[in-house]
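Some notes on the structure that comes next.
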Amino acid sequence: MSNFKTLGINKNLIKGLDELGIKQPTEVQEKAIPFLMEDGSDFVCRAQTGTGKTVAFGLPLLERINPKSDKVQGLILVPTRELAQQVAKHLFKFTKYTDKIFTEAVYGGDKIEIQVKALARRTHIIVATPGRLVDLLKMRAVDLSTVKRVILDEADEMLTMGFREHLTKIINQTSNRESMWLFSATIPEDIQKLVKIYMSHDAKHLLLESKDIMHEAITHQFLRCKIEDKPARIAKFLERKGKERGLIFCRSKAGAINLGEALNDLGFATGVLQGNLSQKDREKIMRAFRKERIQYVVATDVAARGIDIEGLSFVIHHQLPEQTEYYIHRSGRTARAGKTGISFALIAGRDAQRMHKFEKELKISFQQIA
């Protein structure tokens, strides 16, 4: 079995990983790191959320940074503010024992003037959401002409969220790049077009099989019930889980709000994330969730983007999503960092057809519970 030393990572980075409890490479790290270290040219990776992609691209990127230079050398694009903060924090911790490598995270919701000042300092790596980076480019507050490597993390989510034009503008500003590394839980047609336009025809592809994309540590369960009985059934499930924490997904804003109110009325400490929330209110809910002042969050798919909370034991689907990739993203919020988790679906009406579709496409099996 390989370790980070045999994958070619230097001892100072490994020391930083050890302090974080990261000792054994995951499958995506084991397969991606050697190529990105030795070759480092255009790379496409399909791997599920929570499998360790940040380490897989972060370590090879850090190894290729020249800390003595004042220039921006790496650009990491992510779909959400939360993910930008998370990736930047991880890179900072990885480099605790190396020569100083400066990373700045820029994203919407914070004052742009503060980020302009931060970028004026020595910056080697920028982690950014596309919308905020385009704003900074318009202000001429950032120069991407020296970027050698562009990394697209959760590329499918960025396109789903409508960032195609932003990505085009940004990538066109990195004309001196040596390579692009793309990581995505799914590779739909939009991603294939992006690869064809901006990446080499002989780009390396690492496409983990469906059974590997859908983490084996996740147990998939379902319960058949009437629509009107769903809040009570969810409450019963939560009672059985005791102090364990989880996410509950709804397909609509109204559905999320109504379910959140119903659960709070039943005595469950629940927050609701939906698209109409202000950034301030969203942050307030996420802060309460991280500090365990609330035990559950009800969310729509769009509002849940970028959520990465450690120790979530389960995900509940009030309704199953229409698309397979949404089921992958939802379920991937649990069973992270080597832990197990449950993905539990309440089945009514057409949800049965969707469930069978997911079983076939993802090579998984749903277990019926009472």
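The values are calculated or read from the model by the stated rules, or taken from the named source; none is laboratory data. Computed from a predicted structure; not experimentally measured. Counting neighbours? That spans all protein chains shown, and the Cβs are built from the backbone with ideal geometry, glycine included.
Results, tabulated for the structure shown:
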{"item": "Any hit, the range 225-245, residues being under 23 Å from the mean Cα position of the chain (by Cα), modelled with pLDDT of 95 or more and under 21 Å from residue 332 (Cβ atoms)", "result": "yes"}
{"item": "In the range 265-314, the residues that are under 19 Å from residue 240 (Cβ atoms) and free of Cβ contacts under 8 Å to residues at least 24 places away in the same chain", "result": "267"}
{"item": "Odd one out for residue 86 among (1) surrounded by fewer than 24 Cβ atoms within 10 Å (Cβ to Cβ); (2) at pLDDT 95 or above", "result": "(2)"}
{"item": "Matching residues, the range 92-150, being of a type in the set (Phe, Trp, Tyr) and closer than 19 Å to residue 40 by Cβ", "result": "94"}
{"item": "Filter result for the condition that a residue is within 30 Å of residue 110 (Cα to Cα) and buried (at least 20 other Cβ atoms within 10 Å of the Cβ), over 174, 146, 160", "result": "160"}
{"item": "Helices (runs of 4 or more DSSP H) fully within the range 150-210 counting 2 or more residues that are farther than 12 Å from residue 79 by Cα and not acidic (Asp, Glu)", "result": "164-172, 189-198"}
{"item": "The lone exception for residue 48 - which of (1) out of contact with any Leu (no Cβ under 7 Å at 6 or more places or on another chain); (2) more than 16 Å from residue 151 (Cβ to Cβ); (3) free of Cβ contacts under 8 Å to residues at least 60 places away in the same chain it fails", "result": "(3)"}
{"item": "Count - residues of the range 142-154 that are more than 14 Å from residue 168 (Cα to Cα) and either free of Cβ contacts under 8 Å to residues at least 12 places away in the same chain or in contact with a strand residue (DSSP E or B) (Cβ under 9 Å, 6 or more places away or on another chain) (or both)", "result": "6"}
{"item": "Qualifying residues in the range 323-369 (those that are free of Cβ contacts under 8 Å to residues at least 40 places away in the same chain and assigned to a loop (DSSP other than H, G, I, E, B)) - the one nearest to residue 46 (Cα to Cα)", "result": "323"}
{"item": "Flag if residue 136 is surrounded by 17 or more Cβ atoms within 10 Å (Cβ to Cβ) and either in contact with a Cys (Cβ under 7 Å, 6 or more places away or on another chain) or at pLDDT below 95 (or both)", "result": "no"}
{"item": "Members of the range 161-196 that are within 20 Å of residue 329 (Cβ to Cβ) and without any contact (Cβ under 8 Å) to a residue 24 or more places away in the chain", "result": "162, 189, 192"}
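Let's see how each residue does on (1) within 21 Å of residue 231 (Cβ to Cβ); (2) surrounded by fewer than 22 Cβ atoms within 10 Å (Cβ to Cβ):
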| position | (1), (2) |
| --- | --- |
| 288 | no, yes |
| 291 | no, yes |
| 297 | yes, no |
| 310 | no, yes |
| 313 | yes, yes |
| 321 | yes, yes |
| 327 | no, no |
| 332 | no, no |
| 341 | no, no |
